[in-house]
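> Structure in structure tokens, see below.
The values are calculated or read from the model by the stated rules, or taken from the named source; none is laboratory data. This is a predicted model, so every value here is computed, not measured. Here the Cβ is made from the backbone with ideal geometry for all residues, glycine too, and neighbour counts use every protein chain on show.
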Amino acid sequence: MTRLHPAIERVTDRVIDRSRKSRAAYLELMAIEGDRHRDRNVALPCSNLAHGFAAAGEDKDSIATRRGPNIGIISAYNDTISAHQPYGAYPPQMKVFAREVGATAQVAGATPAMCDGVTQGADGMELSLFSRDVIALAASVGLSHAMYDSVAMLGICDKIVPGLLIGGLRFGWLPTIFVPSGPMPSGIANKEKQKVRQLYAEGKATRAELLESESRSYHSAGTCTFYGTANSNQMMMEMMGLHLPGAAFIQPGTPLRQALTRAAVHRLAAITREGDDYRPLAQCVDEKAVVNAAVGLLATGGSTNHAIHIPAFARAAGVQIDWADLAELSHAVPLLSRVYPNGAGDVNHFHAAGGMGFVIRELLDAGLAHRDIVTVAADDLTAYGSEPWLDGENLAWREAGPSGDEAMLRPAANPFQADGGMRLVQGNLGRACFKTSAVDPERWEIEAPCRVFDDQVQVAKAFAAGELDRDVVVVVRFQGPRANGMPELHKLTPPLGVLQDRGYKVALVTDGRMSGASGKVPAAIHASPEALGDMSGNWGPLAYLRDGDVVRLSAVDGTLSTTADLAAREPATPPPAAQGMGRELFAMFRANADEAEKGGSAMLAMAGL
């Protein structure tokens, strides 16, 4: 057995020690709640039970007499998000699959599922991060009926999986499996899509041409095929053992996809308390599983959004991890894959080259991930180093084999780069994340006068007017959780990319988000404390910056600083709170949100987690 890498061991030990009290409190609560809800026929009066199975049809008698386990389905189905559209067909199928093994299944509840791709640059994006809290709350409402012995989570995209995991962890005595829907088939080449976006930003392509390009890229049911937050979610569920092995990137509507869903339902019936292989979610998601999620993120160059989501869902399990932990892991974990926007191919190419089975096997064999975690499928993570296939009509697993394309996927002994490409930068402008894996090393360091903006629309106008045609650090502030919900600032990528292509040294500093689609421009994102500051009235340092201040950003030495005397200034006046598109209804979330490094959550902060 390969010895664990010293850095992985050191960070894990630190996380365990830091989490000792909170993790013990969490496990104690789960044990108490699990005992209280051990038997729904005892915990719920007859009238309550009758309400719960009144519409269960042919499953009514089985649920009433507790003849077999009852699986609760939490679904994020809707028709607007391509990745979630396939979930509409899942519950009827899952009920049939459950009956095959003497179980039943009920849709316990639904959660919202919004798409940052639809809302990017629009008002709705300001609801995006807090939709994670809403999803966790909605999942909790569904599971609060206490009718279930295990849980199937149907969700795949950006805030949905972290939200479902947070909600599910507060019902951690229930075994839980995440059931993906898979990526859409590949569309046009990513370089072609990126080229049209930049041409449009320069006024050299029409809106009709841009829409045609985008429609050829995002063209059918399934997740978007670039390696952003949605597909990084699926990677993490594999690294934590919360999928069936290899389930992440099998396309919708295929026999293998349905076979994996069927197997997930059968497994949910087998791992309940009533059987001899009880695997509650609280036992599966521990400090080692959380570290594995971070390792997978770094090894694959995944979405920077998970620098916020990992601390958030870890808190829900009583585990405390921070950006310093991620940065130390990054120095030890090599980059094994280059998936667009970090490379040319998309997640379908990644999967065809060996995918998660290859990545997990390489990490385990190199001592870079914890093998000894409890997964939903096996007693450790070893089984996840394989890939699923259909042997005739039977679902089976086989060795992942060597990389099928070393331009996409490399072994740990020959990585794309020695570290995982996620750096912590800090200084008198606060702490922020810098994703180096998509940025050329010669651009990892910049020192230039800054230009300060309060939103991305102002940046676009300045770019169009030629005001940014120089070496510049673009600062976009008042974009944090407390200011406006921390939207993703995707609209910044094309114009800043154009400036960089014109030969200028360009960087972005923001307390907002940029996701896995941040691309080739160096960026310090999630700057914390945010410009608006905290509930005690302490402003963040970005609030004191002025146009022309020299800002230094370096992923080489981990610097985010300015030479300006910030202490001598008054903070800038933030924009007024936005109204419309429901944003006013989220004022409670904004007012109570904590900093990005803790997860940017109002719900977790108010719960004292």
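> Criterion first (aliphatic (A, V, I, L, M), touching a Phe, Trp or Tyr at 6+ places or on another chain (Cβ under 9 Å), over 23 Å from Arg279 (Cα atoms) and in a helix (DSSP H, G or I)) does Ala64 satisfy it?
The answer is yes for Ala64.
> What is the number of the single condition among (1) surrounded by 18 or more Cβ atoms within 10 Å (Cβ to Cβ); (2) touching an Asp or Glu at 6+ places or on another chain (Cβ under 8 Å); (3) in a loop (DSSP other than H, G, I, E, B) that Met581 does not meet?
Only one criterion in (1) surrounded by 18 or more Cβ atoms within 10 Å (Cβ to Cβ); (2) touching an Asp or Glu at 6+ places or on another chain (Cβ under 8 Å); (3) in a loop (DSSP other than H, G, I, E, B) is unmet by Met581, namely (1).
> For the range 556-591, which residues satisfy the criterion of being within 28 Å of the chain's Cα centre (by Cα) and either hydroxyl-bearing (Ser, Thr, Tyr) or within 20 Å of Ala307 (Cα to Cα) (or both)?
Val556, Asp557, Gly558, Thr559, Leu560, Phe589, Arg590
> Now a separate question. So in the range 30-47, with the set limited to residues that are part of a helix (DSSP H, G or I) and out of contact with any helix residue (DSSP H, G or I) (no Cβ under 9 Å at 6 or more places or on another chain), which one is surrounded by the most Cβ atoms within 10 Å (Cβ to Cβ)?
The extreme case among them is Glu33.
> Which ones in the range 528-558 are surrounded by 19 or more Cβ atoms within 10 Å (Cβ to Cβ) and either of a type in the set (Ser, Thr, Tyr) or not assigned by TED's automatic domain parsing to the domain that holds Pro441 (or both)?
Ser528, Tyr544, Ser554 - these are the residues of the range 528-558 that are surrounded by 19 or more Cβ atoms within 10 Å (Cβ to Cβ) and either of a type in the set (Ser, Thr, Tyr) or not assigned by TED's automatic domain parsing to the domain that holds Pro441 (or both).
> Same structure, new question: Condition (residue is in contact with a Lys or Arg (Cβ under 7 Å, 6 or more places away or on another chain) and of a type in the set (Asp, Glu)) applied to the range 524-532: is it met by at least one residue?
Yes.
> Let me ask you something else. Considering only residues that are in a loop (DSSP other than H, G, I, E, B), at negative phi and surrounded by 13 or more Cβ atoms within 10 Å (Cβ to Cβ), which ones fall in the range 419-441?
Selection gives Asp419, Gly420, Asn428, Leu429, Thr436, Ser437, Ala438, Val439.
> Any chance you could count how many residues in the range 399-415 are hydrophobic (A, V, I, L, M, F, W, C) and at pLDDT 95 or above?
3
> Are there any pairs, at least 6 apart or on different chains, whose C-beta atoms fall under 8 Å, with the first in the range 247-275 and under 30 Å from Gly34 (Cα atoms) and the second surrounded by fewer than 22 Cβ atoms within 10 Å (Cβ to Cβ) and of a type in the set (S, T, N, Q), and if so, which?
Pairs found: Thr261/Gln93; Arg262/Gln93.
> Hey, another quick one. In this structure, is Phe434 aromatic (Phe, Trp, Tyr) and without any contact (Cβ under 8 Å) to a residue 60 or more places away in the chain?
Answer is no for this residue.
> Another question, if that's okay. Can you go through Phe358, Phe416 and tell me which one is aromatic (Phe, Trp, Tyr) and surrounded by fewer than 24 Cβ atoms within 10 Å (Cβ to Cβ)?
Phe416
> Let me ask something else about it. When the range 363-398 is examined, which residues are found to be without any contact (Cβ under 8 Å) to a residue 24 or more places away in the chain and part of a helix (DSSP H, G or I)?
Thr382
> I need a count of the residues in the range 496-516 that are under 26 Å from the mean Cα position of the chain (by Cα) and of a type outside the set (Lys, Arg).
Qualifying residue count, the range 496-516: 11.
> If the Cβ limit is 9 Å and pairs must be 6+ apart or interchain, which residue in the range 590-609 that is farther than 12 Å from Gly533 by Cα and assigned by TED's automatic domain parsing to the domain that holds Leu127 pairs with which residue that is of a type outside the set (Val, Ile, Thr) and assigned to a helix (DSSP H, G or I)?
none
> Answer yes if at least one residue in the range 40-63 is at pLDDT below 95, within 25 Å of the chain's Cα centre (by Cα) and over 23 Å from Phe178 (Cβ atoms), and no otherwise.
The answer is no; no qualifying residue exists.
> Let me ask something else about it. Scanning for something in contact with a Pro (Cβ under 6 Å, 6 or more places away or on another chain) and modelled with pLDDT of 95 or more, does the range 70-77 turn up at least one residue?
There is at least one residue in the range 70-77 that is in contact with a Pro (Cβ under 6 Å, 6 or more places away or on another chain) and modelled with pLDDT of 95 or more.
> Pull up the range 258-299, narrow it to residues that are basic (Lys, Arg) and buried (at least 20 other Cβ atoms within 10 Å of the Cβ), then point me to the one that is farthest from Ala89 (Cα to Cα).
Across the range 258-299, the extreme among qualifying residues is Lys288.
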